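Participant: Following this message is one structure expressed as structure tokens.
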Amino acid sequence: MSKTFFPGGIHLKDNKECTRDLPIELFKDPEVAVILMSQHLGKPAKPIVQAGDKVKIGQLIGEAQGDFSSNIHASISGEVIKVTPASHPVSIEDMAVTIQNDHQSEWYQVLNTKKENVLFSREELLEIIKKNGIVGMGGATFPTHIKLNPKNPVDTLIINGAECEPFLTCDFRLMMEQSDALLNGIKVILKILPVKQVIIGIEENKKEAIKQLKSLIEKTDFSAQVRVETLKEKYPQGAEKNLIFALTKRTVQIGKLPFDIGVVVQNVATVIAIFEAVYFKKPLIDRVLTVTGYGIKEPKNLRVKIGTPVQELITFCQGNTENPGKVIFGGPMMGIAIRSLETPIMKGTSGVLVLNGNIPYQENQCIRCGKCVENCPAGLMPVKITESAKIGEYVQYEKLFVSSCIECGVCSYNCPAAIPLLNYIRLAKAELMKRRNQK
Amino acid sequence: MNLLSISSSPHIRSNITTRNIMLYVCAALFPSAIVGMAYYGWWQIGLLLVIGVLTAVLSEAILQKILHIPYSYLDGSAALTGLLLVLTISPMSPWWMPLIGSFVAILSKQVFGGMGQNPFNPALIGRATLLLSFPIESTQWVSPFTHLTTATPLNLYKMANFGIEGLNQVIASLGGTLQLTYRSLLLGLRGGSIGEICLPAMLVGFLFLLFTKVVSWRITCSYLITVIVLSLLFKLDVVVMLLSGGIVFGAFFMATDYVTSPLLPKNQLIFGFGVGFMNMVIRRFSGMPEGTTFAVLIMNIITPLLDQSIKKPVGFSKEVKQS
């Protein structure tokens with residue numbers, strides 16, 4: 001029996017068939033890499049190089065500002081040509097270091113090419129993760145060294161292989177092609193967090209990955225501790241709180257975090273990045289992503305250097321760069337539409353989706369069908385929040401638990417009247433934030 | 001710099017639309033409409049249906065123009081209202097009955113601001129208006145095929161007040177020849193409104209709506225269960241109660257109307273119970289033989305009140321509320 005969360009959620013057409021069987025290809029180093037200083041949750045890193053400096057691959061170019069931040073490294077070797085704001089998907093423009101490739105491909109530090117046994121202590125491991133700028137690669141980009149150092153004792157580690165967003169297949173390919181790295185990464189985390197159980201949650205549309213990981217785990221020495229669970233194909237199965245409930249039946253209470261109920265969740269890509277940092281001393285300078293969508297002729301799974309302008313990927317995959325319509329970083333449900341093709345790939349970019357223009361949102365009158373209420377995975381009433389937001393009735397926002405919304409987009413997706421419910425909820429959230437800060 | 005179009009997520013949308021939903025409900029009513037035509041005459045009932053649907057769509061267009069409401073007369077909701085109205089009137093209705101009924105039904109929706117704003121089920125407002133304004137034309141019941149004037153089983157039941165044998169005795173004493181059995185009630189071989197008589201036809205439509213997830217089972221089930229329990233309590237024949245009059249049609253297609261029924265599952269159960277209760281109270285204690293129309297309309301008033309309640313979100317606890 002496959003596990004799932006409730007209430008709410010919907011079945012989405014997964015659209016993964018065009019890339020799911022394509023092995024990960026290595027994308028060439030870009031001519032110019034634009035490396036943003038804010039690729040993570042928390043304070044942006046501070047650039048520590050200047051125009052004219054020579055940098056090598058893996059060299060620190062942006063220093064974390066405090067604990068709740070992350071280091072940024074050069075992804076190619078060459079000369080820094082400018083340190084200026086560049087196109088950023090969220091904040092429109094943000095500080096970035098631009099490097100001109102010298103095609104020497106020289107590494108800053110010597111990489112370990114053979115696997116060593118991990119003999120580091122817990123503190124040393126956390127330091128390695130922090131130093132190498134590892135952040136959550138599922139999209140939220142939460143600094144991993146903080147997540148792996150929880151205040152409360154935890155007994156469960158969940159590895160998120162749900163990949164519930166349609167179109168994306170990069171996590172599936174990683175699980176298929178780098179299973180060993182994944183299992184070794186789990187071993188590293190177990191040294192940091194000696195949990196009782198590790199659960200790898202994978203949606204049932206990725207049966208091959210489930211089978212392969214199960215048989216590999218049987219051969220390891222920690223097979224008693226680690227297990228693979230099949231998840232029902234239901235969106236948003238991979239959302240942290242829903243995934244925790246599906247796999248452990250524990251509910252994260254409002255205002256609490258997963259470690260409050262003894263759980264830590266890590267995305268498969270992050271676990272592999274941890275493995276590479278610990279075993280090979282490799283900082284987070286590249287990532288695997290899926291380039292796909294209706295506007296792409298040859299969809300692909302690619303390993304891409306951080307800082308590669310998205311235009312190069314679209315050209316490589318035979319997409320239309322003249323008039324691409326809408327380009328999205330991430331999946332179609334929660335991804336961010338970018339405004340310029342010069343926007344560089346970041347640590348949290350799990351996909352580049354080219355859609356043919358906008359979906360027409362011709363908002364009609366609500367027919368009170370209640371689908372948004374029925375399908376909300378946070379148990380909210382989007383229709384009521386929208387009614388209040390339309391007339392600015394902010395006293396209602398708190399009563400309707402607006403801040404519990406995880407912005408999965410199910411309400412807007414499924415509204416027969418095409419009401420952009422999530423947009424109204426975001427308005428309400430922002431207003432509530434503003435008023436709380438004023439107090 | 002070449003700028004792209006942006007919007008906030010989600011970037012895809014399901015293909016479910018208001019029009020789809022309305023067309024699905026129309027399709028669900030199709031079997032009942034066909035049976036109505038077959039039983040009472042293709043031309044006669046066909047004409048009523050055409051007049052009802054066309055009047056509804058035209059009234060919606062005209063009223064939207066006058067009231068400055070954005071045009072949506074082709075989204076299927078007006079056509080559905082017209083269809084529902086015709087299926088709930090007498091098969092012997094003169095042509096001007098669906099004309100007036102449909103217009104009033106649409107008017108009752110548009111004066112409140114149109115789609116989604118109306119407190120009452122539009123089709124039932126239309127039906128109630130016809131029933132109260134033209135009581136004679138509204139209650140001319142005939143037997144299927146023969147078109148002989150008859151009373152509805154519920155009219156008879158009011159007189160007989162005991163099981164199905166009693167019904168036939170009353171029919172015989174009135175000089176009628178129609179023999180009512182459970183089987184004839186099931187197939188709709190009785191007097192009644194155009195669409196409400198044939199259970200299998202209605203059931204096919206309703207199962208289609210359930211299967212396509214257009215409606216939920218909650219309102220219908222709690223409505224029907226309440227009717228069954230109260231029939232037993234009032235010592236009435238359960239089968240006669242369910243299969244004569246408009247309870248099944250009401251439970252399948254009227255009480256389940258999105259706009260005029262509550263949002264939350266729990267409240268839908270309460271709503272269904274309320275309709276069933278009012279319906280049986282009207283049947284048992286009032287002067288009228290049937291009460292589905294008014295039972296639904298009465299509970300429509302309570303819907304906004306039920307919709308005041310707020311669902312507790314996932315991860316809700318009392319501590320959170322206090323902080």
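The values are calculated or read from the model by the stated rules, or taken from the named source; none is laboratory data. Bear in mind the structure is a predicted one, so any value in this text is a computation, not a measurement. Methodologically, a virtual Cβ is constructed for each residue, glycine included, from the backbone with ideal geometry; neighbour enumeration extends over all protein chains shown. The area values use the complete protein model at the heavy-atom level, side chains included, leaving out ligands, DNA and RNA. Shrake-Rupley method; radii C 1.70, N 1.55, O 1.52, S 1.80 Å.
Every residue, every condition in (1) modelled with pLDDT of 90 or more; (2) within 14 Å of chain A (Cβ to nearest Cβ), yes or no:
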| residue | (1), (2) |
| --- | --- |
| B:161 | no, no |
| B:164 | no, no |
| B:185 | no, no |
| B:194 | yes, no |
| B:226 | yes, no |
| B:260 | yes, yes |
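Participant: Still on this model: Since residue B:309 meets every condition but one in (1) away from every other protein chain (no Cβ under 14 Å); (2) under 30 Å from residue A:250 (Cβ atoms), which condition does it not meet?
Facilitator: (1)
Participant: Which members of the stretch A:217-232 meet the condition of being over 14 Å from residue A:160 (Cα atoms) and within 22 Å of the chain's Cα centre (by Cα)? Can you show your working first?
Facilitator: In the first step, residues of the stretch A:217-232 are kept if they are over 14 Å from residue A:160 (Cα atoms); the result is A:217-225.
Within the stretch A:217-232, none qualify.
Participant: Right, something else. Can you spot a residue in the stretch A:369-378 that is under 21 Å from the mean Cα position of the chain (by Cα) and either in contact (Cβ under 8 Å) with a residue 24 or more places away in the chain or under 15 Å from residue A:167 (Cα atoms) (or both)? Please lay out each step first, then the result.
Facilitator: As a first pass, look at the stretch A:369-378 and keep what is under 21 Å from the mean Cα position of the chain (by Cα): A:377-378.
From the residues that got through so far, the ones that are either in contact (Cβ under 8 Å) with a residue 24 or more places away in the chain or under 15 Å from residue A:167 (Cα atoms) (or both) too are A:377-378.
So far as the stretch A:369-378 goes, yes, one or more of its residues are under 21 Å from the mean Cα position of the chain (by Cα) and either in contact (Cβ under 8 Å) with a residue 24 or more places away in the chain or under 15 Å from residue A:167 (Cα atoms) (or both).
Matching residues to (1) of a type in the set (S, T, N, Q); (2) at pLDDT below 85; (3) closer than 28 Å to residue B:27 by Cβ:
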site: B:110; (1), (2), (3): yes, no, yes
site: B:116; (1), (2), (3): no, no, yes
site: B:131; (1), (2), (3): no, no, yes
site: B:155; (1), (2), (3): yes, yes, no
site: B:168; (1), (2), (3): yes, yes, no
site: B:176; (1), (2), (3): no, yes, no
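Participant: I'm told residue A:393 meets every condition in (1) in contact (Cβ under 8 Å) with a residue 12 or more places away in the chain; (2) more than 10 Å from chain B (Cβ to nearest Cβ); (3) open to solvent by 50 Å² or more (accessible area, probe 1.4 Å) except one. Can you identify the failing condition by its number?
Facilitator: It fails just one condition, (1).
Participant: A further question follows. Out of all the residues in the stretch A:193-216, which are under 22 Å from the mean Cα position of the chain (by Cα) and of a type in the set (Val, Ile, Thr)?
Facilitator: Within the stretch A:193-216, A:198, A:199, A:200, A:202, A:210 meet the criteria.
Participant: I'd like the full set of residues that are more than 7 Å from every other protein chain (Cβ to nearest Cβ) and of a type in the set (A, V, I, L, M, F, W, C), limited to the stretch A:355-382.
Facilitator: Hits for the stretch A:355-382 are A:372, A:376.
Participant: Further, regarding this structure: Say we look at the stretch A:403-439 and pick out the residues that are charged (D, E, K, R) and not in a helix (DSSP H, G or I); which of these is surrounded by the most Cβ atoms within 10 Å (Cβ to Cβ)?
Facilitator: Going through the stretch A:403-439, the residues charged (D, E, K, R) turn out to be A:407, A:426, A:429, A:431, A:434-436, A:439.
This time we only want the ones that are not in a helix (DSSP H, G or I), so: A:407, A:439.
Numbers: A:407: 19, A:439: 4.
Selected residue: A:407.
Participant: Which of the residues spanning the stretch A:335-345 are modelled with pLDDT under 95 and either more than 14 Å from chain B (Cβ to nearest Cβ) or open to solvent by 20 Å² or more (accessible area, probe 1.4 Å) (or both)?
Facilitator: Result: A:336, A:339, A:342.
Participant: For the stretch A:296-324, name all the residues that are touching a Gly at 6+ places or on another chain (Cβ under 7 Å), surrounded by fewer than 21 Cβ atoms within 10 Å (Cβ to Cβ) and not charged (D, E, K, R).
Facilitator: Let us first name the residues in the stretch A:296-324 that are touching a Gly at 6+ places or on another chain (Cβ under 7 Å), namely A:296-297, A:319-320, A:324.
Next, from what is left, pick out any that are surrounded by fewer than 21 Cβ atoms within 10 Å (Cβ to Cβ): A:297, A:320.
The one that is touching a Gly at 6+ places or on another chain (Cβ under 7 Å), surrounded by fewer than 21 Cβ atoms within 10 Å (Cβ to Cβ) and not charged (D, E, K, R): A:320.
Participant: Still on this structure, please answer the following. If you check residue B:287 against the conditions, is it under 24 Å from residue B:90 (Cβ atoms), assigned to a loop (DSSP other than H, G, I, E, B) and not assigned by TED's automatic domain parsing to the domain that holds residue B:85? Write out each step before concluding.
Facilitator: Working: under 24 Å from residue B:90 (Cβ atoms): yes; assigned to a loop (DSSP other than H, G, I, E, B): yes; not assigned by TED's automatic domain parsing to the domain that holds residue B:85: yes.
Yes; evaluated as a whole, the condition is true for this residue.
Participant: Which residue out of A:352, A:327 is crowded, with 20+ Cβ neighbours inside 10 Å, more than 10 Å from every other protein chain (Cβ to nearest Cβ), among the aliphatic types (A, V, I, L, M) and in a strand (DSSP E or B)? Outline the logic, then answer.
Facilitator: Details: A:327 fails: more than 10 Å from every other protein chain (Cβ to nearest Cβ).
That would be A:352, the only listed residue that is crowded, with 20+ Cβ neighbours inside 10 Å, more than 10 Å from every other protein chain (Cβ to nearest Cβ), among the aliphatic types (A, V, I, L, M) and in a strand (DSSP E or B).
Participant: For residue A:122, work out the one condition from (1) closer than 22 Å to residue A:180 by Cα; (2) crowded, with 16+ Cβ neighbours inside 10 Å; (3) not hydrophobic (A, V, I, L, M, F, W, C) it doesn't fulfil.
Facilitator: (2)
Participant: Consider residue B:120 carefully, then state whether it is out of contact with any Cys (no Cβ under 7 Å at 6 or more places or on another chain), modelled with pLDDT under 75 and in a loop (DSSP other than H, G, I, E, B). Working first, answer last.
Facilitator: Working: out of contact with any Cys (no Cβ under 7 Å at 6 or more places or on another chain): yes; modelled with pLDDT under 75: no; in a loop (DSSP other than H, G, I, E, B): yes.
Here the answer is no, as residue B:120 does not meet what is asked.
Participant: Sticking with this structure for a sec: Scan the stretch A:30-56 for residues that are over 22 Å from the mean Cα position of the chain (by Cα) and either part of a loop (DSSP other than H, G, I, E, B) or among the polar types (S, T, N, Q) (or both) and jot them down.
Facilitator: Listed by number, the residues that qualify are A:30, A:31, A:48, A:49, A:50, A:51, A:52, A:53, A:56.
Participant: Can you tell me which residues in the stretch A:244-267 are of a type in the set (A, V, I, L, M) and farther than 14 Å from residue A:142 by Cα? Before the answer, list the steps.
Facilitator: So in the stretch A:244-267, the residues of a type in the set (A, V, I, L, M) come out as A:244, A:246-247, A:252, A:254, A:257, A:261, A:263-265.
Once the filter is applied, which keeps residues that are of a type in the set (A, V, I, L, M) and farther than 14 Å from residue A:142 by Cα, the stretch A:244-267 yields A:244, A:246, A:247, A:252, A:254, A:261, A:263.
Participant: Related question: State all residues of the stretch A:313-325 that are at negative phi and modelled with pLDDT under 90; if no residue qualifies, say none. Let's see the steps before the verdict.
Facilitator: Step one: list which residues in the stretch A:313-325 are at negative phi, which gives A:313-317, A:319-324.
Result: A:319, A:320, A:321, A:322, A:323, A:324.
Participant: So is residue A:293 of a type in the set (Gly, Ala, Ser), closer than 30 Å to residue B:303 by Cα and either facing chain B (nearest Cβ under 9 Å) or in contact with a Phe, Trp or Tyr (Cβ under 8 Å, 6 or more places away or on another chain) (or both) or not?
Facilitator: On the way: of a type in the set (Gly, Ala, Ser): yes; closer than 30 Å to residue B:303 by Cα: no; either facing chain B (nearest Cβ under 9 Å) or in contact with a Phe, Trp or Tyr (Cβ under 8 Å, 6 or more places away or on another chain) (or both): yes.
When the stated conditions are applied, residue A:293 does not pass them.
Participant: Of the residues that make up the stretch B:275-285, is at least one closer than 25 Å to residue B:191 by Cβ, touching a helix residue (DSSP H, G or I) at 6+ places or on another chain (Cβ under 9 Å), surrounded by fewer than 23 Cβ atoms within 10 Å (Cβ to Cβ) and at pLDDT below 90? Show your work before the answer.
Facilitator: Residues of the stretch B:275-285 closer than 25 Å to residue B:191 by Cβ: B:275-276, B:278-285.
From the residues that got through so far, the ones that are touching a helix residue (DSSP H, G or I) at 6+ places or on another chain (Cβ under 9 Å) too are B:275-276, B:278-284.
Subset that is surrounded by fewer than 23 Cβ atoms within 10 Å (Cβ to Cβ): B:278, B:281-282, B:284.
The next check asks that each one be at pLDDT below 90; those that pass are B:284.
Looking through the stretch B:275-285, at least one residue is closer than 25 Å to residue B:191 by Cβ, touching a helix residue (DSSP H, G or I) at 6+ places or on another chain (Cβ under 9 Å), surrounded by fewer than 23 Cβ atoms within 10 Å (Cβ to Cβ) and at pLDDT below 90.
Participant: Are any residues in the stretch A:158-209 among the basic types (Lys, Arg), within 18 Å of residue A:221 (Cβ to Cβ) and in contact (Cβ under 8 Å) with a residue 60 or more places away in the chain, and if so, which ones?
Facilitator: Residues of the stretch A:158-209 among the basic types (Lys, Arg): A:173, A:187, A:191, A:196, A:206-207.
Those still in the list that are within 18 Å of residue A:221 (Cβ to Cβ) too: A:187, A:191, A:196.
Hits for the stretch A:158-209 are A:187, A:191.
Participant: Quick one: in the stretch B:110-124, which of the residues that are in contact with an Asp or Glu (Cβ under 8 Å, 6 or more places away or on another chain) and away from every other protein chain (no Cβ under 11 Å) is nearest to residue B:261 (Cα to Cα)?
Facilitator: At the first step, the residues of the stretch B:110-124 found to be in contact with an Asp or Glu (Cβ under 8 Å, 6 or more places away or on another chain) are B:110, B:115, B:121.
Within this subset, residues satisfying the condition of being away from every other protein chain (no Cβ under 11 Å) are B:110, B:121.
Details: B:110: 18, B:121: 9 Å.
Filtering the stretch B:110-124 for residues that are in contact with an Asp or Glu (Cβ under 8 Å, 6 or more places away or on another chain) and away from every other protein chain (no Cβ under 11 Å), the one nearest to residue B:261 (Cα to Cα) comes out as B:121.
Participant: How do the pairs read when you match residues in the stretch A:234-245 that are over 12 Å from residue A:7 (Cα atoms) with residues anywhere that are open to solvent by 10 Å² or more (accessible area, probe 1.4 Å) and of a type in the set (D, E, K, R), using Cβ under 7 Å and keeping only pairs 6 or more apart or on different chains?
Facilitator: Here the result reads A:238/A:163; A:244/A:250, each pair linking the stretch A:234-245 to a residue that is open to solvent by 10 Å² or more (accessible area, probe 1.4 Å) and of a type in the set (D, E, K, R).
Participant: To continue, here is another question. Is it the case, given these coordinates, that residue B:303 is open to solvent by less than 10 Å² (accessible area, probe 1.4 Å), within 14 Å of chain A (Cβ to nearest Cβ), more than 30 Å from residue A:240 (Cβ to Cβ) and part of a loop (DSSP other than H, G, I, E, B)? Even if it seems obvious, please write down each step before you answer.
Facilitator: Working: open to solvent by less than 10 Å² (accessible area, probe 1.4 Å): yes; within 14 Å of chain A (Cβ to nearest Cβ): yes; more than 30 Å from residue A:240 (Cβ to Cβ): yes; part of a loop (DSSP other than H, G, I, E, B): no.
The answer is no for residue B:303.
Participant: Another question, if that's okay. What residue, of B:57, B:86, B:35, B:50, is open to solvent by 50 Å² or more (accessible area, probe 1.4 Å) and β-branched (Val, Ile, Thr)?
Facilitator: Details: B:57 fails: open to solvent by 50 Å² or more (accessible area, probe 1.4 Å); B:86 fails: open to solvent by 50 Å² or more (accessible area, probe 1.4 Å); B:35 fails: open to solvent by 50 Å² or more (accessible area, probe 1.4 Å).
Result: B:50 is the single residue among B:57, B:86, B:35, B:50 that is open to solvent by 50 Å² or more (accessible area, probe 1.4 Å) and β-branched (Val, Ile, Thr).
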